[in-house]
Amino acid sequence: MTSAALRSRAWKLLEMVTTPLLPSDYLDLVSPLRAGADLRGRIEAVHPETGSAATIVIRPGRGWRGHTAGQYVRIGVDVDGVRLWRAYSVTSPTNRQDGRVTITVKAIPDGKVSNHLVRRAKPGTLIQLDQATGDFVLPQAKPAKVLYLTAGSGITPVMGMLRDIEFDDVVMVHCAPQPQDVIFRNELHDLVADKKLRLTEVHTDTDGMLDIARLDELVPDWAERETWACGPAGLLDAAEEHWTEHGVRERLHTERFRPSIVVAGDGGEVTFSTTGKTVDADGATPLLDVGEEAGVLMPSGCRMGICFGCVTPLKAGAVRDLRTGEITEAEPGVLIQTCVSAAAGPCDIER
Amino acid sequence: MTAIDPTAHLTAEQIEELGRELDAIRDEVIADRGEKDAAYIRKVISAQRKLELVSRGVLLFSIFPPAWLIGTAGLSVAKIMDNMEIGHNILHGQWDWMRDPKIHSTTWEWDHVSPADQWKHSHNELHHTYTNVIGKDNDLGYGIMRVDEDQRWHPFHLGQPLWNFINACFFEYGIAAYDLELGKNLHKRRRKNPEFRARARAVGRKIRKQVLKDYVIHPLLSGPSFLTTLAATFTANLVRNIWTHSVIMCGHFPEGVQVFERRSIKGETRGQWYLRQMMGSANISGSKAMHFMTGNLSHQIEHHLFPDLPSNRYAEVAVKVRALFEKYELEYVTGPLPKQVFSAWHKVFRLSLPNKKPKVNTPDREQELVAA
Ligand code: FES
């Protein structure tokens, strides 16, 4: 018998010992970051960067496969007891000696996770991790000239790149409301002092928004540069247009932080994605009834919110709890009780 | 179905107002639910796992009597925690709001021969929706007992104290059979029903795993302590079964708890539903440890009003609920465990004998009772 087969036998036996739980349920108690466990990380330190941004140092579990500069990672954090998932760019270099990874988070107004991480996260806390992903990365072959065009927290993936590989000729144009809002400002200025980076800061509070046409004056040879741009949609749209106009669209790489803006209204178009049915629903009819009326096979029980026999994944959009008025937005892994939830805008129910 | 309706003094408006006040209590807890509650259930789960591990470890040496005693006691408590404060409550969806896929009603499995999803159907859906409605809620007497004066007596009922005792000892099997609706489904025609067969197979698989673990694997691992470990596990299961059976009997059987006719719930309003839960349940009074070991089902009244609120909140909710009972002049049935257990058993014995013809009787009701 091969050792793999032997190990799987042994595991089966262990499962018999621990049934109805799994051996990992017990192992997680002592070693949540071990190889073979669900991927998790432990927060080891929180370093403030600006008044509203902080870098979180995470020790990833043994299953962590590393990242490529520019990629992001999804993390699951328990905020007020509720597990919420968000994506953040990795800001540490890929060859960090101690194997830790860092993300740098800017607290956005009303942002549950970002405010929690920046202001309340404590070293020692376990978080859930996904493997790093994203194709906003540097190419294998080093380009001769590089431009980084960033705004606000759009600097985070680029910082991961800057820290990872040195290029001969790098220019960065970065926008932030005021000098003190520039994340990593000291480190950037150190790079400038060492002649490793040419930096233009645009302070939008005083200079106004960056007009993309000004690039000709800020970086005269911008069209010859391999460019990585990350920031708000407005900036990226303008950049894409500009690069296309000049026929150099293939030199521009952009990363959009998907804004999760759900407008919670009253009713909306409900999609039952498994069956492929779409119907209009008002804000008062339980989604269970909406689905059944549309001929979708919906699991159900008490129909009054007590048995949890109707829970179904909410894939997109938002729903309102008809008892409390509470809004639930779609996130991976979110299940709703369809008998006491109504559409609060367009939504997608996995049935 | 006592001759005098203890809610007769309430007007329809009052009942709806009562419902609104209960909704407000629920909303308050939900708005305040958070980190502390999440930390609580995680702590309980981790304590249970550690206790079970240590107890099973000690039982490896159960050939020595002190080890047997300690291991058996620990394992009994671990099994009770698994079923009561953890399993029952997670399967009610009380912790679904945490969005932790590992502590969720859709993924949890418990140390019990009834598979979680079958139990959720019969318990969450049938028992909690139709609480104490004769003919609808089979938790009333589990289909083997007469629980109300108005039910027709049958010589079979003479044995009900014995049935109840046997059911207590092998309670988890009783529940599994009950979740399968075995009585109904063993009829020749229904036995072949593919849906029933699939469920029966699932129970079979679960039983096999549970029995293998408790009565084969762990004793084998104990080597020379094989027999003593076997005896210890059997004892722990017995203790757990009798304990949960007692707690559950106290929830709906003690004197003073009302049962309802099927037609009484037609077109029931939210307020009326709440009122039925209030009149159909009974509490157990006692210490914090007592509440914990019953999985907070000692707060059965509160649990039936708000089955999806985290169990660690029932104690604080109980104060407000009790005030409402007083305000609306309703009887809050509660008492210490021995008293409630005695009261429930007393009823089992009393109703095993025929009683005088029920005072109120309509043909319609007679039919229902026969159907029940
Ligand atoms: S059907 Fe029972 S909770 Fe929705």
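Condition first: outside any helix (DSSP H, G or I), touching a residue at least 12 places away in the same chain (Cβ under 8 Å) and among the hydroxyl-bearing types (Ser, Thr, Tyr). Now tell me which residues in the stretch B:89-123 satisfy that.
Within the stretch B:89-123, B:105, B:114 qualify.
Do we have residue B:15 as over 30 Å from residue B:150 (Cβ atoms) and either of a type in the set (Asp, Glu) or open to solvent by less than 40 Å² (accessible area, probe 1.4 Å) (or both) here?
It is false that residue B:15 is over 30 Å from residue B:150 (Cβ atoms) and either of a type in the set (Asp, Glu) or open to solvent by less than 40 Å² (accessible area, probe 1.4 Å) (or both).
Residues that are under 23 Å from residue A:73 (Cβ atoms): list the strands (runs of 3 or more DSSP E) wholly contained in the stretch A:133-204 that include at least 3 such residues.
Where strands (runs of 3 or more DSSP E) fall fully within the stretch A:133-204 and carry at least 3 residues being under 23 Å from residue A:73 (Cβ atoms), they are A:145-151.
Determine if the stretch A:260-276 includes at least one residue that is over 19 Å from residue A:340 (Cα atoms), in a helix (DSSP H, G or I), open to solvent by 40 Å² or more (accessible area, probe 1.4 Å) and free of Cβ contacts under 8 Å to residues at least 12 places away in the same chain.
Within the stretch A:260-276 (the criterion being over 19 Å from residue A:340 (Cα atoms), in a helix (DSSP H, G or I), open to solvent by 40 Å² or more (accessible area, probe 1.4 Å) and free of Cβ contacts under 8 Å to residues at least 12 places away in the same chain), the answer is no, since none of the residues qualifies.
Listed here are the residues, each with its yes/no results for (1) within 12 Å of the ligand (Cβ to nearest atom); (2) at pLDDT 95 or above; (3) more than 23 Å from the chain's Cα centre (by Cα).
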| position | (1), (2), (3) |
| --- | --- |
| A:261 | no, no, no |
| A:272 | no, yes, yes |
| A:279 | no, yes, yes |
| A:310 | yes, yes, yes |
| A:313 | no, yes, no |
| A:319 | no, yes, no |
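Of all residues in the stretch A:286-300, which are open to solvent by less than 50 Å² (accessible area, probe 1.4 Å) and within 14 Å of the ligand (Cβ to nearest atom)?
A:286, A:287, A:288, A:290, A:291, A:298, A:299, A:300
Six or more apart or on different chains, Cβ under 8 Å: which pairs go from a residue in the stretch B:194-218 that's away from every other protein chain (no Cβ under 12 Å) to one that's surrounded by 13 or more Cβ atoms within 10 Å (Cβ to Cβ) and acidic (Asp, Glu)? Could you list them?
Taking only residues 6 or more apart or on different chains, the pairs are B:203/B:179.
Looking at the stretch B:124-156, which of the residues that are part of a loop (DSSP other than H, G, I, E, B) and within 16 Å of the ligand (Cβ to nearest atom) is nearest to residue B:255 (Cα to Cα)? Break it down stepwise before answering.
Residues of the stretch B:124-156 part of a loop (DSSP other than H, G, I, E, B): B:130-132, B:134-140, B:144-154.
Filter once more, keeping what is within 16 Å of the ligand (Cβ to nearest atom): B:130-131, B:136-137.
Working: B:130: 20, B:131: 16, B:136: 21, B:137: 18 Å.
Only one residue tops the list, namely B:131.
State yes or no: is residue A:324 closer than 28 Å to residue B:22 by Cβ, polar (S, T, N, Q), free of Cβ contacts under 8 Å to residues at least 60 places away in the same chain and away from the ligand (no atom under 12 Å from the Cβ)?
Details: closer than 28 Å to residue B:22 by Cβ: yes; polar (S, T, N, Q): yes; free of Cβ contacts under 8 Å to residues at least 60 places away in the same chain: yes; away from the ligand (no atom under 12 Å from the Cβ): yes.
For residue A:324, the condition - closer than 28 Å to residue B:22 by Cβ, polar (S, T, N, Q), free of Cβ contacts under 8 Å to residues at least 60 places away in the same chain and away from the ligand (no atom under 12 Å from the Cβ) - is met.
Report whether or not residue B:135 is closer than 20 Å to residue B:273 by Cα and in contact (Cβ under 8 Å) with a residue 24 or more places away in the chain.
Yes; evaluated as a whole, the condition is true for this residue.
Tell me the helices (runs of 4 or more DSSP H) entirely within the stretch B:256-369 that contain at least 1 residues that are buried (at least 17 other Cβ atoms within 10 Å of the Cβ), more than 22 Å from the chain's Cα centre (by Cα) and modelled with pLDDT of 95 or more.
Correct list: B:270-279, B:314-327.
Would you confirm whether any residue within the stretch A:329-346 is within 21 Å of the chain's Cα centre (by Cα) and either part of a strand (DSSP E or B) or within 12 Å of the ligand (Cβ to nearest atom) (or both)?
yes
The values are calculated or read from the model by the stated rules, or taken from the named source; none is laboratory data. Quantities reported herein were computed from a predicted structural model and do not represent experimental measurements. Reconstructed Cβ throughout: ideal geometry from the backbone, glycine too, with neighbour counts over all protein chains shown. Ligands, DNA and RNA are stripped out before the accessible areas are found, and what is left, the full protein with its side chains, is counted by its heavy atoms. Shrake-Rupley method; radii C 1.70, N 1.55, O 1.52, S 1.80 Å.
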